Amino acid sequence: MTPSFRRGGWWQYAVDEAKAIREGVGMIDASAFTKHLVRGPGATAFLDWFTCNRLPKIGRINLTYALTEAGTTRTEYTIVRLAENEYYLISSGALTAYDGDFLRKAAEDRMADFGWIDIHDVTTQWGVFAVAGPKSRDLLGKLVKDADPSTVLGNKRFPWLSARNIELGMCPVRAVRVAYTGELGWELHHPVEMQNYLFDQLMAAGEGVGLKLVGARAQNWLRQEKSYRAFGNELGRDATPLEADLPRFVDMTKDFHGKDAMAATGIRSKCCTLLIDGPADADPWGREALYAGSEKVGRLTSGGYSVVFGKSIGMGYVRPDLAEEGTKLKVRMLDQLWDATVTTDSPHDPQNTRLRGAAEAAAPTAAPVAVSAE
């Protein structure tokens, strides 16, 4: 195979995987997620200071960020609250030592202020299968040990952004109602020693609903259709959560590490999502320059193909005044400039109807929703 920035033989497979999640059901192995258990009398006060969002109620989850001294993003966490002073923290895969070191050192430095805090790295103890798509509830319903699986997995007993302990076959599962792909779905956190058993159960149950295994490339495309920022791309030590345009995950009414520095930084550039009329045989990869006329005004941080809109998609940072829906820009790819339009945040299912599993969930958007700036 000749190395190339153009679409290779892998491309159609990724398209089919992405369509499986948008139209049916797919499964991603997310076991590489970093996982920490934080508990003890000081856990709640510590995490409230350590992260910028409000903490969830027991049985619920939230997305939050730990900041650097400069107010930029140090770590992204999904926090599951298991009990009054017990939390399950999920962060990026491949950064276990990076996240764990920062978490433990911060806790040690503030234990005199908050009280005793116990932190355990449980990354290798829990495997994770992410199941998502309009038929994900049908799939899991075949394995739930209950007289009425639709009740156990329904919105009333198991709403979006909540977590419950369930059994799938004979496997105990900490099921988290969230999906990085933007569809109805669950993360199935399970004892790693039962992973092969659970995989076999899911694959067998999936035969009747068209379950497809999905890889990281398709997942990356899907999360861009929802404008989900990725750590190491849109999120990192060079931008604050406010510059990443995530004010809904920042509670400015409380005191947290890095708050003053973040506020003082202001908005130097702003993250946005763009739909791109690029070449017929290539998509952006991230790091491509963005132009307004002949002026370089930013860069992509992620790129790929959108199966919903049928064209290239990207996320990136531009001057704040340009990060408005409908703004016309250019992106440099293959040494040419191609048209790019800033679209609304979460261009696919902006009201999260599909994520919430509402009965009236509409079919995937068939045309771009970005409007003209003219």
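Overview of results
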{"read-out": "Of Ser136, Ser346, Ser150, the one that fluctuates the most in a GNM where the chain has Cα springs shorter than 10 Å", "value": "Ser150"}
{"read-out": "Alpha-carbon centroids, segment 1-54 and segment 244-288: separation in whole Å", "value": "18 Å"}
{"read-out": "Dipole-positive endmost among Ala43, Gly8, Asn352 within the chain (Cβ charges, Cα centre)", "value": "Asn352"}
{"read-out": "Dimensions in Å of segment 233-317 - Rg and Dmax from alpha carbons", "value": "15.4, 49"}
{"read-out": "Area projected by the alpha carbon convex hull of the chain, averaged over all directions, nm²", "value": "19.6 nm²"}
{"read-out": "Ascending count of other beta-carbon atoms within 10 Å, so fewest first, for Phe46, Phe199, Phe5", "value": "Phe5, Phe199, Phe46"}
{"read-out": "Of Lys296/Lys328; Lys35/Lys254; Lys57/Lys156; Lys259/Lys328, those spanning more than 22 Å from alpha-carbon to alpha-carbon", "value": "Lys35/Lys254; Lys259/Lys328"}
{"read-out": "Neighbour-count order for Met111, Met262, fewest beta carbons within 10 angstrom listed first", "value": "Met111, Met262"}
{"read-out": "Val318, Val178 arranged by Cβ crowding within 10 Å, fewest neighbours leading", "value": "Val178, Val318"}
{"read-out": "Kirkwood hydrodynamic radius over Cα pairs of segment 205-248, then Stokes diffusion coefficient at 20 °C and 1.002 mPa s, in µm²/s", "value": "169 µm²/s"}
{"read-out": "Dipole magnitude (debye, nearest 20) for the chain, charges at Cβ of Lys, Arg, Asp, Glu", "value": "300 debye"}
{"read-out": "Candidates Ala132, Ala239, Ala97, ranked by Gaussian network fluctuation over the chain, Cα under 10 Å, top entry", "value": "Ala97"}
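No value in this document is a laboratory result; all are computed from the given coordinates. Computed from a predicted structure; not experimentally measured. Heads up, the Cβs are rebuilt from the backbone with ideal geometry, glycines too, and the neighbour counts pull from every protein chain shown.
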